[in-house]
Amino acid sequence: MGNCKSSTKGGVAEEASRSSGSSSGSNDGAGVELQISTATVPSSIEGDGFAIPIKAYRPVNTPIRSAVFLIHGGIFSYGDRESHPTIAEGLAKLGLCVTTASFRNGEEAPHRTNITMRDLRDVIDHTRGEWPDVPFGLVGSSSGGFFALTLMQTLGPAVVSFCIPICPVADPFKRASYLRSSVSGSAASEGYAACHDPTQSARILEKQLSFWEKDEDMKEAADGLKTNRHDIPTLLILGSVDKNVPFEVTAGVQSWATRTIVIGGRGHELCDEVVKGGGYHCYLADIDRFLDYCLSKREAKDG
């Protein structure tokens, strides 16, 4: 795979590799070339036989700062390794080895089956195995932000050095409650600053419940994110007019995140792609500064 490290060890199958010099839509990382490859990682579930498709982005002409798993969003029900390409490339051009994956979720793998978390853990183990000598972090988009935050709490600092949730569905039950209010037409009167129309809210709610199924499961999941149990550096990125994830959904994480950035005039599109042209609406510079902070903090602790 040229300059991109990969192997067939542990059943990992390399499928393709290409180079990219395309822009991430920001001035950050200008001139950084990327090696992009695809592969599969075998599921660790006994008798499962599923191979998790992954995609890797590696900078080839800049120092490697860390490896990250970018967990895609998609209302807990869709998305794949091709999701959020400008975010993946933007992160890679900051010196990160980025992995994305087509993990199972939604009605194919509801919450109570634990298949989604098993898939995510398998990809984490693979990514850390590929890059054992650099720190590892989690980045999550929308519903992927929930998974990133949960895995951060579960795995702890022995595995996760930092977490960057972008417009995360941090409290699935509060998000479902907001959507139900939107469907009934009462969201605005209940104080939500920005809300979807009833038809769009009903569609999102249906997709979310295909994964969660029960309110008590969503409540229990949110309880696990009330505090940052391990004090892992966390950069929370939000849009001020997000109709998918209003502030109420992320209030708990806002109370303990290391830093919270709210980008004015922007909504849920922030977790789908990097804002073109850079400027203050582009959060890559904020991520760059955050990485300097948390990676230097880790080095000081290790030293």
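The values are calculated or read from the model by the stated rules, or taken from the named source; none is laboratory data. A quick note: this is a predicted structure, and the numbers were derived from the prediction, not measured. Methodologically, a virtual Cβ is constructed for each residue, glycine included, from the backbone with ideal geometry; neighbour enumeration extends over all protein chains shown. All accessible areas refer to the heavy atoms of the entire protein, side chains included, with ligands and DNA or RNA removed. Shrake-Rupley method; radii C 1.70, N 1.55, O 1.52, S 1.80 Å.
Below is a table of values for the structure above.
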| quantity | calculated |
| --- | --- |
| Mean shadow area of region 67-182, taken as a quarter of the surface of its Cα convex hull (nm²) | 7.3 |
| Over the chain: helical MRE at 222 nm, DSSP H runs n ≥ 4 each giving -39500 (n - 2.57), nearest 500 | -10500 deg cm²/dmol |
| With DNA, RNA and ligands ignored, accessible area of Glu82 (1.4 Å probe; Å², nearest 10) | 90 |
| Mean separation of Cα contacts under 8 Å, 6 or more apart, over the residue count of region 123-189: relative contact order % | 30 |
| For region 49-61, Karplus couplings with θ = phi - 60° (6.51, -1.76, 1.60), whole Hz, Gly/Pro x | x, 7, 10, 7, x, 10, 9, 10, 10, 10, x, 10, 10 |
| Relative contact order of the chain, defined on C-alpha pairs under 8 angstrom at six or more residues apart (%) | 17 |
| For Gly137, residues with placed amide H under 5 Å, excluding near neighbours | Ala67, Val68, Phe69, Ser161 |
| Over region 70-138 - Rg/Rh using Cα atoms and the Kirkwood inverse-distance radius | 0.99 |
| Gain in span if fully extended, Glu248 to Asp286, counting 0.36 nm per residue against the direct Cα distance | 11.4 nm |
| Percent of beta bridges antiparallel (DSSP, the chain, rounded to nearest 5) | 50 |
| Net charge over other residues, Cβ less than 11 angstrom from the Cβ of Ser83 (K, R count +1; D, E count -1) | -2 |
| Residues with amide H under 5 Å from that of Val41, placed H, sequence gap 5 or more | Ile52, Ile54 |
| Relative contact order for region 73-216, counting Cα pairs under 8 Å that sit 6 or more residues apart, in percent | 26 |
| Exposure ranking of Asp171, Asp125 by accessible area [1.4 Å probe, largest first] | Asp125, Asp171 |
| Per residue Cα convex hull volume in Å³ - calculated over the chain | 124 |
| Most mobile of Gly106, Gly47, Gly156 in a GNM of the chain (Cα contacts under 10 Å) | Gly47 |
| Phe173 - accessible surface, heavy atoms, 1.4 Å probe, Å² rounded to 10 | 50 |
| Sequence-distant residues sharing a close amide H with Gly73 (under 5 Å, placed H) | Ser141, Gly144 |
| Reach of Lys276 by Cα under 16 Å, taken over aspartates and glutamates that are not fewer than 8 positions away in the same chain | Asp28, Glu89, Asp286 |
| Lys/Arg +1, Asp/Glu -1 at C-beta; region 40-92 dipole; positive extreme among Pro59, Thr40, Ile87 | Pro59 |
| Karplus 3J(HN,Hα) series, Hz, for region 136-142 with 6.51 cos²θ - 1.76 cosθ + 1.60 (x for Gly, Pro) | 10, x, 10, 10, x, 10, 6 |
| Accessible area (Å², 1.4 Å probe, nearest 10) - Asp215 | 50 |
| Chymotrypsin sites (Phe, Trp or Tyr not before Pro) lying in DSSP loop within region 234-303, provided at most 10 other Cβ fall within 10 Å | Tyr280 |
| Label-point separation, Gln200 to Ala188 (7 Å along Cα→Cβ), nm | 1.4 |
